[in-house]
Amino acid sequence: MSQWRGKIRGSYICAFVWSLIACANTETHLDGMDLQAWKEDPHGCKELRAAMIPALGEQRDKLLRLSEMEIISLLGKPDENELYVRSQQFYRYYLEPAPECDSGKESPKVLVIRFNALGVSNEVSVE
C-alpha cells in the first residue's frame, strides 16, 4: 500500500513540475516594431506608432492569449482602459495622434485589446 502512495505522490509531483514548465512565459516578440519608441509615444502624439501599423497588423495574433500584465510589459500602460460588463476589459492604444494631441485627428486608428474575465486577451483589432 505504501508503495502505491509513493507512486501516486511521485505522479502528482511530476504533473506539478510539468505544468510549471508548460505554463512558463515565453516572451512575445513583435518583429519590425520598436517597442521602446512605442512606449515613449503615449496617445500617438509623436506619430512614432503610426509607422508601426503595418507590422502590428501582420502580427496582432501574437497578442492573443496574453495576460494583462504581459500586454503591459510588452506595449506599456494603455492610453485608455475601459471596464465592461462581466469583468471584461478593453485596452486602447492610439496608433495615430489622439484628439487631445496638438496634431490630433478626429478619428484616429486605435489598437483595441479585449480581455475576458480571467484577464486573458481574447480579441485584438485595429479600428
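The values are calculated or read from the model by the stated rules, or taken from the named source; none is laboratory data. Quick caveat, the model's predicted, so the values are computed rather than measured. All Cβ positions, even for glycine, are placed from backbone atoms using ideal geometry, and neighbour counts span all protein chains on display.
Per-structure values
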{"read-out": "Number of the exception - GLU27 against (1) touching a residue at least 40 places away in the same chain (Cβ under 8 Å); (2) under 13 Å from the mean Cα position of the chain (by Cα)", "value": "(1)"}
{"read-out": "Inter-residue pairs, beta-carbon under 6 Å, first within 23 Å of VAL124 (Cβ to Cβ) and touching a residue at least 12 places away in the same chain (Cβ under 8 Å) and in the stretch 98-112, second among the small types (Gly, Ala, Ser) and assigned to a strand (DSSP E or B), 6+ apart", "value": "VAL112/SER125"}
{"read-out": "Whichever residue in the stretch 44-60 is more than 16 Å from ALA98 (Cβ to Cβ) and touching a strand residue (DSSP E or B) at 6+ places or on another chain (Cβ under 7 Å) and, among such residues, is surrounded by the most Cβ atoms within 10 Å (Cβ to Cβ)", "value": "LEU56"}
{"read-out": "Selected residue (only one of ARG49, ARG65 is modelled with pLDDT of 95 or more, basic (Lys, Arg) and out of contact with any helix residue (DSSP H, G or I) (no Cβ under 8 Å at 6 or more places or on another chain))", "value": "ARG65"}
{"read-out": "Hey, MET69 aliphatic (A, V, I, L, M) and either assigned to a strand (DSSP E or B) or within 17 Å of ASP34 (Cβ to Cβ) (or both) or not", "value": "no"}
{"read-out": "Check on LYS46, farther than 16 Å from GLU123 by Cβ and either free of Cβ contacts under 8 Å to residues at least 60 places away in the same chain or of a type in the set (D, E, K, R) (or both)", "value": "yes"}
{"read-out": "Considering residues of the stretch 89-127 that are outside any strand (DSSP E or B) and hydrophobic (A, V, I, L, M, F, W, C) only, the residue nearest to MET69 (Cα to Cα)", "value": "LEU118"}
{"read-out": "Subset of the stretch 29-43 [crowded, with 17+ Cβ neighbours inside 10 Å and within 20 Å of ARG114 (Cα to Cα)]", "value": "LEU30, TRP38, PRO42, HIS43"}
{"read-out": "In the stretch 73-117, residue surrounded by the most Cβ atoms within 10 Å (Cβ to Cβ) [restricted to those that are more than 16 Å from LEU63 (Cβ to Cβ) and hydrophobic (A, V, I, L, M, F, W, C)]", "value": "ALA98"}
